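The structure appears below as structure tokens.
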Amino acid sequence: MAPVKRDGEAEPTPPAEAGRTDDAGLVEALRRGDEAAYRALVDRHGATLLRLASMYVSNPAVAADVVQEAWIGVLQGIDRFEARSSLKTWICRILVNKAKTAAQREGRTIAFADLGELGPTVDPERFQAEGPHRGEWSIAPREWDHPEERLLSKEAGAVVERAIAALPPNQRITITLRDIEDLSSAHTCSVLGISEGNQRVLLHRARSRVRAALEDYFSDVTRTP
């Protein structure tokens, strides 16, 4: 039910509008050189930037340097921020560009366009290969006992973390931006410089592998006496 607005009360601000208003206030404060606004921005997004940088470079010290370079880029470029995307998306894009440069120096690259080597998202042997039921499950997924409760457990959370860490870098970065950092598809494409179709395939494959890891976990739990 929609909230009832009393006479004289302001209309509630939708979350998306509130986010844009908050971004606008931070941007104006940063342009004025407000150190408190900068600290608030670092507190809000610092962990995200370090996590992303660590996916591109293997050395933790280099990853920290990349984050510092990104923050310098943010301060130097804030006057040019045009709010075509969210402030978070813009900052992540700066970080990724800095991280790519650092990765090239390390001799590491992440080929987002190369999808051919990834193979099927689910084992083909789990489907009927021929006959009237071709393409249907031959080995169906197990029914999970109260999965909503198990998903909240620390053990299941650790399974997800390990599954994401084991993904190919391009899948790991994509699922991190979409499902952990909660960026939209369009903003993820903007940050990574990839097409919508590419992003969709990477995310689907990443989610499928994480789901498979969870399915194995739940299967082991249900088999345990």
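Compute, for segment 15-106, the length of the dipole vector about the Cα centre, with Cβ point charges of +1 (Lys, Arg) and -1 (Asp, Glu) only. Units Debye, rounded to 20. Kindly include the intermediate steps, with their values, before the conclusion.
Details: 13 positive and 12 negative charges, 58 e Å.
With only Lys, Arg, Asp and Glu charged at Cβ, the dipole is about 280 debye.
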ask   = If the label point is 7 Å along Cα→Cβ of S184, which residues in segment 24-54 have backbone nitrogen under 17 Å from it?
value = 24
message = Students often check this: by mean Cβ neighbours within 10 Å, which of 198-211, 60-73 ranks highest, and how do the rest follow?
response = 198-211, 60-73
ask   = What list of ³J(HN,Hα) values in whole Hz, one per residue of segment 208-213 in order, does the Karplus curve 6.51 cos²θ - 1.76 cosθ + 1.60 (θ = phi - 60°) give from phi, with Gly and Pro shown as x?
value = 5, 5, 5, 4, 4, 5
note = Any residue on another chain or 5+ positions along whose placed amide H is under 5 Å from the amide H of L167 is listed here as none
Peptide ranges 25-34, 49-58, 82-91 listed from the most packed, as the mean C-beta count within 10 angstrom indicates = 49-58, 82-91, 25-34
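Throughout, read-outs are computed from the coordinates displayed, never taken from laboratory work. Just so it is clear, the structure is predicted and the values come from calculations on it, not from any experiment. In this analysis, Cβ positions are derived from the backbone assuming ideal geometry, glycine residues included, and neighbour counts consider all displayed protein chains.
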